[in-house]
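Asker: Please find one structure pasted underneath; my questions will follow.
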Amino acid sequence: MASILKVDSMQGVTSAGDITITSEGGAATMSLQQGVAKAWVNYTTAASFVNNDSFNVSSLTDVGAGSCKIVFTNVMSNDAFSTTGLQVMGAGQLGLNAQETNLTWCISYNTSNAAADSGETTGTVHGDLA
């Protein structure tokens with residue numbers, strides 16, 4: 001018999017911020033909070049600079065050819081978070097660097113290693129919120 005759980009919030013019994021889930025095979029566990037994306041963004045820079053959609057992103061700033069500053073709504077607890085990015089079309093390479101607790105930078109390059117706007121770029125952040 002299937003069950004449906006409907007809740008507005010969850011908290012751990014031992015510690016409010018600690019919810020553990022078990023792997024599909026049952027042999028491993030992980031912290032739910034550590035596995036959830038803390039921010040993500042999908043934006044376009046080629047013809048015009050547009051935030052197509054995002055989560056926990058308060059602003060995007062076009063800083064020049066191939067360069068975007070992504071500012072978080074809720075800051076990270078430190079600057080050692082993980083970022084993953086993908087260019088959907090346009091320039092040839094993508095680099096995410098210069099992280100701070102409240103922002104990260106996304107810089108794209110063409111196949112000649114020159115900074116260049118891409119058609120569409122996506123990025124995801126994992127780490128600890130402050």
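Asker: Are there any pairs, at least 6 apart or on different chains, whose C-beta atoms fall under 6 Å, with the first in the range 19-45 and under 12 Å from residue 124 (Cα atoms) and the second among the acidic types (Asp, Glu), and if so, which?
Answerer: From residues that are under 12 Å from residue 124 (Cα atoms), the pairs are 42/53.
Asker: Now for a different question. Between a residue in the range 116-130 that is at positive phi and in a loop (DSSP other than H, G, I, E, B) and any residue that is at pLDDT 80 or above and crowded, with 18+ Cβ neighbours inside 10 Å, which pairs come within a Cβ distance under 8 Å, given they are 6 or more apart or on different chains?
Answerer: 127/38; 127/76; 127/81
Asker: Can you tell me which residues in the range 76-88 are under 12 Å from the mean Cα position of the chain (by Cα), modelled with pLDDT of 85 or more and either of a type in the set (Ser, Thr, Tyr) or surrounded by fewer than 17 Cβ atoms within 10 Å (Cβ to Cβ) (or both)? Working first, answer last.
Answerer: Looking only at the range 76-88, we keep the residues that are under 12 Å from the mean Cα position of the chain (by Cα), and these are 76, 81-86.
Now narrow it down to the ones that are modelled with pLDDT of 85 or more: 76, 81-84.
Matches in the range 76-88: 82, 83, 84.
Asker: Sticking with this structure for a sec: Based on what the data block shows, is residue 95 in contact with a Ser or Thr (Cβ under 9 Å, 6 or more places away or on another chain), at pLDDT below 85, buried (at least 16 other Cβ atoms within 10 Å of the Cβ) and not in a loop (DSSP other than H, G, I, E, B)? So that I can check it myself, show each step before the final result.
Answerer: Working: in contact with a Ser or Thr (Cβ under 9 Å, 6 or more places away or on another chain): yes; at pLDDT below 85: yes; buried (at least 16 other Cβ atoms within 10 Å of the Cβ): no; not in a loop (DSSP other than H, G, I, E, B): yes.
For residue 95, the condition - in contact with a Ser or Thr (Cβ under 9 Å, 6 or more places away or on another chain), at pLDDT below 85, buried (at least 16 other Cβ atoms within 10 Å of the Cβ) and not in a loop (DSSP other than H, G, I, E, B) - is not met.
Asker: Name the single residue that is modelled with the lowest pLDDT among those in the range 53-69 being under 15 Å from residue 117 (Cβ atoms) and in contact with a Ser or Thr (Cβ under 6 Å, 6 or more places away or on another chain). First the steps, then the outcome.
Answerer: Of the residues in the range 53-69, the ones under 15 Å from residue 117 (Cβ atoms) are 60-69.
With the extra rule that they be in contact with a Ser or Thr (Cβ under 6 Å, 6 or more places away or on another chain), the set shrinks to 66, 69.
Numbers: 66: 79, 69: 89.
Per the criteria, the residue is 66.
The values are calculated or read from the model by the stated rules, or taken from the named source; none is laboratory data. Computed from a prediction, not measured in an experiment: that's the story for all the values here. Quick reminder, even Gly has a Cβ in these numbers, built from the backbone with ideal geometry, and neighbours come from all protein chains shown.
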